[in-house]
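Sending over a structure as structure tokens; questions will come in a sec.
The values are calculated or read from the model by the stated rules, or taken from the named source; none is laboratory data. Treat the numbers as computed from the prediction; the structure is a model and nothing was measured. Heads up, the Cβs are rebuilt from the backbone with ideal geometry, glycines too, and the neighbour counts pull from every protein chain shown. Surface accessibility is based on the protein's heavy atoms, side chains included, excluding ligands, DNA and RNA. Shrake-Rupley method; radii C 1.70, N 1.55, O 1.52, S 1.80 Å.
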Amino acid sequence: MSALIDSHCHFDFSAFDDQREQIIEQCKAVGIERLIVPGVDLMQCLALIKFKEQYADFIDIAFGLHPYFLDQQCDDAMNQLAALCRQHRDLIIAIGECGIDRNQPELASQSQLFIEHIKLANELELPLIVHHRQSHDLIQAAFKKVRPKFGGIIHAFSGSEQIARYYCDLGFKLGVGGIISYARSHKTQQTLASIPLALLVLETDAPSMPLSGAQGQDNSPLALCEILSCLQAIRAEPAEQVCQQVYQSTKDIFRI
Ligand SMILES: [Zn+2]
């Protein structure tokens, strides 16, 4: 089996503090060669600089302000984030995690902030890591205002084939995560089975998004193998081709 990359893993979160080295060894043993670690707030982005130094051969990092943490950010957070991204342009491979979440307050300012992230990604010639929750319409409205030039990943994609194709026409790949393991995600499974394979990448979002059967537990990047199996089960292509293509697509979109 060829190598794997977890395109979205919060490996810096404290849930992994006691077992980080062990998980890295286990990942390498099963062919998971790299994790992409997104930014979620300003202080954590700063801390990621050191984290990247520490685990340079195993992780890549992105900087962004996640909609979950916006209420903890100062008014000037976006300006500071932009300055940090410009200063450390060579260290980051994407802008994100950013986006719009209907379960969080202040949708108007979420949208405005997301647009600022798109502008920043365009300026720095970087892809975006996009968080959505019941917000495809708002994400699309933001993309209409400022068109992302370097694509990215629609993280934890769920939705119809029509929505999938809209994103893909704009140069995005769809993040396939633990959702695929749940029987209730029938519609998303159908979408992921029918759109071109080259549009899909794998992710765990660990320690969030445990797979079906592991609800209530912390998720791990090691779950990537099971997510791959779920994807292989619904795709028509040979298993090895699925594995190779999602690996290559992840490298392509992040230019790693
Ligand atoms: Zn995330």
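This table checks each residue for (1) surrounded by 22 or more Cβ atoms within 10 Å (Cβ to Cβ); (2) within 16 Å of the ligand (Cβ to nearest atom).
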| site | (1), (2) |
| --- | --- |
| Glu125 | no, no |
| Ile129 | yes, yes |
| Ile154 | yes, yes |
| Ile163 | no, no |
| Leu174 | yes, yes |
| Gly177 | yes, yes |
| Leu200 | yes, no |
| Asp205 | yes, yes |
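Among the residues of the range 212-233, which ones are under 20 Å from Val37 (Cβ atoms) and hydrophobic (A, V, I, L, M, F, W, C)? So that I can check it myself, show each step before the final result.
The initial filter retains those residues of the range 212-233 that are under 20 Å from Val37 (Cβ atoms), namely 218-225, 227-228.
Once the filter is applied, which keeps residues that are under 20 Å from Val37 (Cβ atoms) and hydrophobic (A, V, I, L, M, F, W, C), the range 212-233 yields Leu222, Ala223, Leu224, Cys225, Ile227, Leu228.
Can you tell me which residues in the range 49-81 are within 12 Å of Leu35 (Cβ to Cβ) and in contact with a helix residue (DSSP H, G or I) (Cβ under 8 Å, 6 or more places away or on another chain)?
The answer is Lys52, Tyr55, Phe58, Ile59, Asp60, Ile61.
Rundown of residues vs (1) within 16 Å of the ligand (Cβ to nearest atom); (2) open to solvent by less than 70 Å² (accessible area, probe 1.4 Å), yes/no style:
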site: Asp18; (1), (2): no, no
site: Glu25; (1), (2): no, no
site: Lys28; (1), (2): no, no
site: Gln44; (1), (2): yes, yes
site: Phe51; (1), (2): yes, yes
site: Ile59; (1), (2): yes, yes
site: Gln73; (1), (2): no, yes
site: Leu84; (1), (2): no, yes
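Tally the residues that are open to solvent by 50 Å² or more (accessible area, probe 1.4 Å) and either within 18 Å of the chain's Cα centre (by Cα) or among the charged types (D, E, K, R) (or both), restricting the search to the range 87-123.
8
Consider only pairs whose beta carbons are under 9 Å apart and that are at least six residues apart or on different chains; among these, list those whose first residue lies in the range 94-116 and is charged (D, E, K, R) and whose second residue is surrounded by fewer than 17 Cβ atoms within 10 Å (Cβ to Cβ) and part of a strand (DSSP E or B).
What qualifies is Asp101/Arg133; Arg102/Arg133.
Sticking with this structure for a sec: Would you pick out the residues in the range 1-15 that are touching a Leu at 6+ places or on another chain (Cβ under 8 Å) and within 15 Å of Ile256 (Cβ to Cβ)? Steps first, answer last, please.
So the first thing to find is which residues in the range 1-15 are touching a Leu at 6+ places or on another chain (Cβ under 8 Å), and the list is 4-7, 9, 11-12.
Scanning the range 1-15 gives Leu4, Ile5, Asp6, Ser7, Cys9.
Looking at the range 243-255, can you tell me whether even one residue there is hydrophobic (A, V, I, L, M, F, W, C) and free of Cβ contacts under 8 Å to residues at least 60 places away in the same chain?
Our first condition is that a residue be hydrophobic (A, V, I, L, M, F, W, C); within the range 243-255, this holds for 243, 246, 253-254.
With the extra rule that they be free of Cβ contacts under 8 Å to residues at least 60 places away in the same chain, the set shrinks to none.
No, the range 243-255 contains no residue that is hydrophobic (A, V, I, L, M, F, W, C) and free of Cβ contacts under 8 Å to residues at least 60 places away in the same chain.
Would you mind finding the one in Tyr182, Tyr166 that is farther than 21 Å from Ala77 by Cα and out of contact with any helix residue (DSSP H, G or I) (no Cβ under 8 Å at 6 or more places or on another chain)? Even if it seems obvious, please write down each step before you answer.
Numbers: Tyr166 fails: out of contact with any helix residue (DSSP H, G or I) (no Cβ under 8 Å at 6 or more places or on another chain).
Selected residue: Tyr182, the only one of Tyr182, Tyr166 that is farther than 21 Å from Ala77 by Cα and out of contact with any helix residue (DSSP H, G or I) (no Cβ under 8 Å at 6 or more places or on another chain).
Separate question: Residue check: is Leu222 at pLDDT 95 or above, touching a Cys at 6+ places or on another chain (Cβ under 9 Å) and farther than 23 Å from Arg255 by Cβ?
Yes.
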